[in-house]
1. Once neighbouring chains are kept in place and the probe is 1.4 Å, which whole percent of the accessible area of the chain is contributed by carbon and sulfur?
2. Can you compute the radius of gyration and Dmax for the chain, using only the Cα atoms, both in Å?
3. Helix-only mean residue ellipticity at 222 nm, the chain, DSSP H runs n ≥ 4 weighted -39,500 (n - 2.57), per residue, nearest 500. What is it?
4. State the answer as a single residue: which of 26, 16, 46 lies farthest towards the positive end of the charge dipole of the chain, with beta carbon charges of +1 for Lys and Arg and -1 for Asp and Glu, about the Cα centre.
5. So, with +1 on the Cβ of K and R and -1 on the Cβ of D and E, and no other charges, what is the size of the charge dipole of the chain about its Cα centre, to the nearest 20 debye?
6. If each of residue 24 and residue 2 carries a label point 7 Å out from its Cα toward its Cβ, how far apart are those two points in nm?
7. Taking a spot 7 Å from the Cα of residue 51 along the direction of its beta carbon, which residues of the stretch 1-34 have an amide N less than 13 Å from it?
Amino acid sequence: MIRGKFLLSGDPLCEHVYDIRRRVFVEEQGYPLETEIDEHDKMSVYALVLDDDDTPSATGRLYIDGEDRF
């Protein structure tokens, strides 16, 4: 059964979030590693998707920008 967790910055499970983002954006899409983690990460809420074996398989990030938009 696929399930999800919401995480705040600093949660130990965020290591999985950052690993997935590195693999997708840096390794697969070629973005520079130094730009992947940005000023929004400390104030974000993350979604972490776990597959049937509890393996982290997807993630998402939600933050409020300077204009009160998500």
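1. Answer for the chain: carbon and sulfur cover 56 percent of the accessible area.
2. 12.6, 40
3. Mean residue ellipticity at 222 nm (helix-derived): -4000 deg cm²/dmol.
4. Working it through, the farthest residue towards the positive pole turns out to be 46.
5. Roughly 160 debye, rounded to the nearest 20.
6. Roughly 1.2 nm, to one decimal.
7. 1-3
The values are calculated or read from the model by the stated rules, or taken from the named source; none is laboratory data. Because the structure is predicted, anything quoted here is derived from the model rather than measured. Cβ sites come from the backbone with ideal geometry, for glycine too, and all protein chains shown count toward neighbours. Quick note on the areas: whole protein, heavy atoms, side chains included, nothing else; ligands and nucleic acids left out. Shrake-Rupley method; radii C 1.70, N 1.55, O 1.52, S 1.80 Å.
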